[in-house]
């Protein structure tokens, strides 16, 4: 079993937050929670090195090798 790297963990968290944000937006529910999740996405994506355009458009890409994130496409 592969042990997740810190980058794997960050990526998984970012993807989870993006899924939750989309879910809340589709349901038009929980506006405060949606805003909180958006702020968390922005913070984490900046920490990971994504540029402003990618963050605003929620266009996050990564390259995997052997089950691990090896490079973010920024």
Looking at this structure, is residue 74 assigned to a loop (DSSP other than H, G, I, E, B), at negative phi and in contact (Cβ under 8 Å) with a residue 12 or more places away in the chain? yes
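Going by the structure shown, is residue 14 modelled with pLDDT of 95 or more, exposed (fewer than 13 other Cβ atoms within 10 Å of the Cβ), in a helix (DSSP H, G or I) and in contact with a helix residue (DSSP H, G or I) (Cβ under 7 Å, 6 or more places away or on another chain)? Steps first, answer last, please.
Values: modelled with pLDDT of 95 or more: yes; exposed (fewer than 13 other Cβ atoms within 10 Å of the Cβ): no; in a helix (DSSP H, G or I): yes; in contact with a helix residue (DSSP H, G or I) (Cβ under 7 Å, 6 or more places away or on another chain): yes.
No, not satisfied.
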Restricted to the range 17-30 and to residues being loosely packed, with under 14 Cβ neighbours inside 10 Å and at pLDDT 95 or above, the residue nearest to residue 56 (Cα to Cα) is 22
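Against the definition (over 15 Å from the mean Cα position of the chain (by Cα), surrounded by fewer than 11 Cβ atoms within 10 Å (Cβ to Cβ) and outside any loop (DSSP other than H, G, I, E, B)), how does residue 53 come out, yes or no? Don't jump to the end; show me each part of the working.
Details: over 15 Å from the mean Cα position of the chain (by Cα): no; surrounded by fewer than 11 Cβ atoms within 10 Å (Cβ to Cβ): yes; outside any loop (DSSP other than H, G, I, E, B): yes.
Answer is no for this residue.
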Given the structure, is residue 44 surrounded by 15 or more Cβ atoms within 10 Å (Cβ to Cβ), modelled with pLDDT of 95 or more and outside any loop (DSSP other than H, G, I, E, B)? yes
Can you tell me which residues in the range 23-63 are farther than 27 Å from residue 5 by Cβ and touching a strand residue (DSSP E or B) at 6+ places or on another chain (Cβ under 8 Å)? none
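The values are calculated or read from the model by the stated rules, or taken from the named source; none is laboratory data. Everything quoted here is computed from the prediction, not taken from an experiment. Here Cβ is always computed from backbone atoms with ideal geometry, including for glycine, and neighbour counts include all displayed protein chains.
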